[in-house]
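Okay, so here's the structure we're looking at.
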Amino acid sequence: MHSRVKTFALLAVACVTPTLYGQFDFTMAGRKVQIHSFGSQGFAYSDENNFLSMKTSSGSFSMTDFGANVSSQLTDKFRVGAQIYDRNVGKLGNWEPQLDWAVADYRFKDWFGIRGGKVKTSLGLYNDTQDLTFLYPWALMPQSVYPVDSRGDTIAHIGADLYGNISLKNAGSLAYTAYGGQRPSDKGSGMVYGLQTSSLVNGNFIVAIGKKIDSYGGPVYGADLRWTTPLKGLLVGASYAHLDVDTHGSYLSNKLPYLLTSQDKTIASYVQYTLGNFNFAGEYRKENRFNYFNTASGAAASNSQNARLGFVSASYRISKRLEVGSYHSRIVPNWLANHGDPKNHIFDQAITTRIDLTNYLDFKIEGHFMDGADIDSTMSRGFFAASNPGGIKPQMKMLVLRLGFHM
């Protein structure tokens, strides 16, 4: 692992030189082809617990990701592109490369276009741009809404979008997206890791009856509507997503088939306001989830989650090379249960500093003050029973350092 870290660090430094940067845009058959790459190496240390399946309680460098994309405007209306992504975050990802997205996009008019393939999912403020971490000051995006452990499951869908931008003249403009397709299956996700290494016993997830997950997926559809208001810098929007997932596998103890069927409905509303070097953002979501599954004895079981989650954030760019910010992120998985139960909430106050070392290299220093731990639920928010065999402490502090490059 240490050799991989050193190799990645050298690669990151090499990639930011201007001479190399100029080689990534070229012309083919009269059309411009653009190739971009990005990556990061992180370190996380926590005073309690292990987070995101990393051994953060003793300090962990197991937080590496990188990707590359290529795109070209083949005609004035037709564009194609694709992105490859790879990561290793603790036990997640496991260095298995993914096709992050691959899309063919035809825009008939400003107000109507269609794209298909593996398409980024428009859900909330940042879902379809969460891979572009260089756009944000955060080392970790608000994990209540954009969790690292379920990134591969949520960033895109295999299907098609209808989209467009409608001018409202003096009232601003309205951008819409309607989509449908299939949820991708990320075998290195937090959901798979949690299901394979723990089980729900008497209402609690514990390191117990292991499972082998063979496949999962299902239909997804939804819509996003965002209004660029006449007030300069103000954007407001709303999203809806419906997702059905069938998970197939088997129990390791007796080889009995395991089936988990989930139905998930998400409603999101969000706002963003930019004034000069100041940026404010907020998002609120309601997630209703119903799970049906069989236990290791073969008995049918079910549970449900009526979750509320969201964040508010603010950042300010002090100079060309320095930006500071903070966010408060929270999730209550079961809104009708006791919010004060540390197993039924995660409240995370983050403070960050971003230093732009060059135009293509940034370094982020971030502190997290976390209360509560939603342990191994199907929400997947970083706390896993298998990574914390001694149990979860109700509070923890965590330092995250992240060096990133983009070209």
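Bear in mind these aren't lab numbers, they're just calculated from the coordinates by the rules spelled out. Predicted, not measured: the structure shown is a model, and the values here were computed from it. No Cβ is skipped: glycine too gets one built from the backbone with ideal geometry, and neighbour counts run over all protein chains shown.
Here are a few things to note about the model shown:
- When GLU48, GLU283 are sorted by how many other C-beta atoms sit within 10 angstrom of their C-beta, beginning with the fewest, the order is GLU48, GLU283.
- Among GLU96, GLU287, a tally of other beta-carbon atoms within 10 Å of each Cβ gives an order, fewest to most, of GLU96, GLU287.
- If a spin label sat at a point 7 angstrom from the Cα of GLN349 along the line to its beta carbon, the backbone N atoms of the range 46-78 nearer than 18 Å would be those of 47-48.
- Those aspartates and glutamates that a straight Cα-Cα span of less than 13 Å connects to LYS265, excepting residues fewer than 8 apart in one chain: ASP244, GLU287
- Extension gain, THR358 back to ALA299 (0.36 nm per residue minus Cα-Cα distance, nm): 15.4 nm
- Annotation: the residues PHE26, PHE383, sorted from fewest to most other C-beta atoms within 10 Å of their own C-beta, follow the order PHE26, PHE383.
- For GLN395, distant residues with modelled amide H under 5 Å away: GLY372
- Contour minus Cα-Cα distance for SER253 and PHE61 (0.36 nm per residue): 65.8 nm
- Listed pairs LYS77/LYS120; LYS109/LYS286; LYS109/LYS169; LYS187/LYS211 exceeding 23 Å between Cα atoms: LYS109/LYS286
- The stretch between LYS232 and VAL271 holds 12.7 nm of extra length on full extension. This uses 0.36 nm per residue minus the Cα-Cα distance.
- Normalised Debye scattering of the range 246-294 at q = 0.14, 0.15, 0.31 Å⁻¹ gives log10 I(q)/I(0) of -0.59, -0.61, -1.05, counting only Cα atoms as equal scatterers and leaving out solvent.
- Phi to ³J(HN,Hα) by Karplus 6.51 cos²θ - 1.76 cosθ + 1.60 over the range 396-401, Hz, x for Gly, Pro: 7, 10, 9, 9, 10, 10
- Long-range amide H partners of SER122 with built H, under 5 Å: none
- Taking every alpha-carbon pair within the chain, the share separated by more than 36 Å comes to 24 percent.
- Taking 7 Å steps out from each Cα toward its Cβ at ALA82 and GLN182 produces label points 1.7 nm apart.
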